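Here, each number is a calculation from the coordinates, and none is a lab measurement. Keep in mind it's a predicted model, so treat the numbers as computed, not measured. Glycine gets a Cβ as well: all are built from the backbone with ideal geometry, and neighbour counts include every protein chain shown.
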Amino acid sequence: MATVLHSAPKFTPNDGVSEALSAALGDMLVEAAEEHGEILLTVRRDRIEGALRLLRDEHEYQQLMEIAGVDYPQRPERFEVCYCLLSLTRNHRIIVKVTASEATPVPTATTLWPNAGWLEREVFDLYGVVFSGNTDLRRILTDYGFEGHPFRKDFPLTGYQELRYSEEDKRVVYEPVKLAQDLRQFDFMSPWEGAEYVLPGDEKAAETPAPPPVATPKATESPKQTGAGAAADKEAAKDTPANPPAMDEKGDEA
């Protein structure tokens, strides 16, 4: 069978890649790191388009695979926008990140990759990050009239509105969220792990007083105290027939 040779290696290590890309990005780069086997490049927000163009045209990262958002509410610029790039010729991936807030728009990447339009709409819809230069920045995953951005950490789990089909109006209607019962908190800790509170059902055991301690434990030191011995064996033999009927293999009387 002939051996098939591919122009791209099966796996490209990260050796020297971070140093080469950091030198190429220059003052556009804020930080370079390697985590979980992946190279992370944080660049300045206002230079993201130039950084992505440089990586595409001069370092062969041809494809934009994904744009993802991350929310860190405790930070001044709470959002991270992550661009996942793939080099087909090198078979290598990198992640380019920028930080942003609600009031700081991120330059669009639609001038480099057409698929960035829908990816930026997802980040805008779920996190509220605005992309300047995107001419079609609309919601794409949530419904019309949706309030808020559901992937933010401070967004309530129940949301603000619910929709249902109304038999009276013969259409879908929007209503404020009404919970039939409060959200329950489940405790999955095993009782054998030593709970610091009284488990359900254990309150009865706490009310029952403990039995008094035994001063002198009672022990059976002779057969007379147990009722066993020759006299008991003789009495038991009276009820046993002398010649019991024979049994077959099945246990029935012959």
Report summary line: Once both label points are put 7 Å beyond Cα along the C-beta direction, the R164-N115 separation in nm becomes 4.1 nm
Requested in this report: Report the local net charge at K153: Lys and Arg +1, Asp and Glu -1, summed over other residues whose C-beta lies under 15 Å from its C-beta.
Outcome: -2
Requested in this report: Return the long-range amide H neighbours of V30 (sequence gap of 5 or more, or a different chain), with a cut-off of under 5 Å between placed amide H atoms.
Outcome: T42, V43, R44
Query raised in the report: Tell me, what is the percent relative contact order of region 17-140, built from C-alpha pairs under 8 Å that lie six or more residues apart?
Result: 21 percent
Query - For V81, net neighbour charge (Lys/Arg +1, Asp/Glu -1) across residues whose Cβ lies under 12 Å away - result: -3
Report summary line: Taking alpha-carbon centroids only, region 105-165 lies from region 56-94 a number of Å equal to 18 Å
Query - Computed lengthening from L141 to S18, 0.36 nm per intervening residue step minus Cα-Cα distance - result: 40.8 nm
Report summary line: Cβ density ranking, 10 Å radius, fewest first, applied to S101, S166, S222, S87 yields S222, S166, S101, S87
Requested in this report: Compute the length gained on full extension between L86 and R53: take 0.36 nm times their separation in residues and subtract their Cα-Cα distance, giving the result in nm to one decimal.
Outcome: 10.5 nm
Query raised in the report: For the pair E66 and F151, what calculated FRET efficiency results from E = 1/(1 + (r/R0)^6), where r is the Cβ-Cβ distance and R0 = 22 Å, to the nearest 0.05?
Result: 0.90
